[in-house]
1. Evaluate the stretch 111-122: report whether one residue or more is closer than 18 Å to L18 by Cα and out of contact with any strand residue (DSSP E or B) (no Cβ under 7 Å at 6 or more places or on another chain).
2. I want to confirm something. Restricting to the stretch 62-82 and keeping residues that are hydrophobic (A, V, I, L, M, F, W, C) and surrounded by 22 or more Cβ atoms within 10 Å (Cβ to Cβ), which single residue is farthest from A132 (Cα to Cα)?
3. List the number of the failed condition for I14; all other conditions in (1) farther than 16 Å from D147 by Cβ; (2) of a type in the set (V, I, T); (3) in contact with a Phe, Trp or Tyr (Cβ under 9 Å, 6 or more places away or on another chain) hold.
4. From the list H73, H40, H12, pick out the single residue that is at positive phi and part of a helix (DSSP H, G or I).
5. Do we have P25 as under 15 Å from A152 (Cβ atoms) and either at pLDDT 90 or above or buried (at least 23 other Cβ atoms within 10 Å of the Cβ) (or both) here?
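The values are calculated or read from the model by the stated rules, or taken from the named source; none is laboratory data. Computed from a predicted model, the values in this text were never measured in an experiment. Neighbour counts are summed over all protein chains in view; Cβ atoms, including those assigned to glycine, are modelled from backbone coordinates with ideal geometry.
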Amino acid sequence: MDDLDDLHHMDHRIVSALRACGTDPRVAGAARALSWAGEHAALWLAAGLAGAAVDGRRRGAWLRGTALTAGAHLVSMGVKRVVRRPRPAHVEPLVRTAGRHSFPSSHATSAAAAAVAFGALGARAVPPLAAAVCVSRLVAGVHYPSDVAAGAALGALTARLGARWMRGGAHHD
C-alpha cells in the first residue's frame, strides 16, 4: 500500500504545483480556453470534420478518425462512471466541469485519440495542441496527473487499435 500512497501524494503535489502556474492570468486564460475547447471532444470533432471537408481524397479516413476520437471519448466517460474517482479537492479549480468524476480525463482521452488519428493523416499541429489540452487540465486543477496519463493512454490505444479501419481496411496495412 505504500507505493499507492506514494503515487497518491505525488499526484497531489504535481497538481498543486501546476495549478499554482495558473495564478498567472495569461496561463489561466490559456488553460481555460484549452479546457473549454476540449469539452466533449468539440475541438477534435471540429478538426476531424474540417479535415474531411478540405481533404476530399482522404475524406473517409478523416471521418473514421473523427469517429474513433468520439468513440474514445465515450469510452472514457463510461470508465469514469465505473471508477468514480473524485476530482482534486485540495486546489481551487479554474474551470467548471461537466461531472464530478476525474478518472480518466476525457479531455486527455479525446486529445490523444485525435493526436494519433489525425497525426497519422499529417495534421502536425494536432499532437502539440493535444499535449497542451492535457496539461491545461492540470493547470485548471480539475485532474490528477494519473487521470490525464490514463486518459491519454486510453485515447492513444483506441486510435491505434482502429488505425487499420481508419485507413479503410486491412489491405492498407
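1. no
2. W62
3. (1) is the only condition that I14 fails.
4. One residue alone meets the criteria, H40.
5. no
Table: residues versus (1) assigned to a helix (DSSP H, G or I); (2) among the hydroxyl-bearing types (S, T, Y).
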position	(1), (2)
L7	yes, no
G29	yes, no
L34	yes, no
L49	yes, no
L63	yes, no
T66	yes, yes
V82	yes, no
E92	no, no
